[in-house]
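Accompanying notes for the structure given below.
No lab work stands behind these numbers, since they all come straight from the coordinates. This is a predicted model, so every value here is computed, not measured. Using ideal geometry, Cβ is built from the backbone for each residue, glycine included, and neighbour counts are taken over all protein chains shown.
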Amino acid sequence: MPHADSSLVPSSITSKTEFWAHVHGQLASLLSGQRHWVTNLANASSMVYSSLLAFTAHFGSGSQAVNWCGETATHQSRLPSRYDTTIADCNQCALTGFYLNSSLFPVPRFLGQDGSDNNSAAADASRLLLGPFCGKPACQFINISPGKARGVCADAYLQRRTILVPEVDLYPGHIACDGETKSEIVCPLIFKKGDKEIMLGVLDLDCLAVSGFCEEDKEGLEKIAALVVSACDW
């Protein structure tokens, strides 16, 4: 099967619980045999976003789409007949992507054009850097230093828990990467080593609709986050 077909959603899937179980299985197969986090997170963000576009029962590309995870699609399109679904108005995902602790990023191999050493910027662990994502341009970093951290991503990272925000305009300190975003969900990426838990970053989804996400999405995305963490070498 072509890699792109792994994001198709059969028309027989109608509930969110079924949807997230399907995405989890497809993603597990897609990531099999690859351990590099950049590659896997790139495919994971694309898989989740593209699958949400195809899941018109609850998301799709209309007014309820998830708008950060991939380019927002507003046109009508048709999937192959065995996936008998027309992309229409529903919860549109605006963004799906990852923010990672900056210490995880490789240090520069070469000096800057001015001859300076840029290692200090890469090693700054007081912020999350934008990782692989699908969607419109996003904030390049999220501050997580004491007294300066704000926003849903920073809170989910520091509190080590998933935060579901039905209406982002009412969330204290919300950072608006896209003014069209109405709701958001952020899941922490936690690497467990023995009795230690190491925070890696977060999985972030934005939606164009108020209350675009629910507890079913939370449960499904937490499993996706755990899969991504276990599938990579950190």
Original post:
Amide H to amide H under 5 Å from G131: which residues, 5+ apart in sequence or cross-chain, H placed 1.01 Å off N in plane?
Top reply: F98, Y99, L100
**OP:** Counting other beta carbons within 10 Å of each Cβ, put L170, L227 in order, fewest first.
**Re:** L170, L227
**OP:** In whole angstrom, note down how far apart the Cα centers of the stretch 178-234 and the stretch 40-58 are.
**Re:** 13
Subject >> Sequence of T96, T162 once ranked by neighbouring C-beta atoms within 10 Å, starting from the fewest >> reply: T162, T96
Subject >> Cα-based shape type of the stretch 122-163, given that a ≥ b ≥ c are square roots of the gyration tensor eigenvalues and the cut on a/c is 1.5 >> reply: oblate
Original post:
Once amide H atoms are built 1.01 Å from N in the peptide plane, which residues 5 or more positions from K182, or in another chain, come under 5 Å H to H?
Top reply: C207, L208, A209
Subject >> Karplus (6.51, -1.76, 1.60) ³J(HN,Hα), θ = phi - 60°, over the stretch 165-178, in Hz, Gly and Pro reported as x >> reply: 10, x, 9, 5, 5, 9, 8, x, x, 4, 9, 8, 6, 9
Subject >> Whole-Hz ³J(HN,Hα) from phi, Karplus 6.51 cos²θ - 1.76 cosθ + 1.60, for the stretch 200-205, glycine and proline x >> reply: 9, x, 9, 9, 10, 10
**OP:** Could you give the size of the charge dipole of the stretch 176-229 about its Cα centre, using +1 on the Cβ of each K and R and -1 on the Cβ of each D and E, expressed in debye and rounded to the nearest 20?
**Re:** 340
Original post:
Label-point separation (nm) for D195 and C214, each offset 7 Å from Cα along Cα-to-Cβ?
Top reply: 4.1
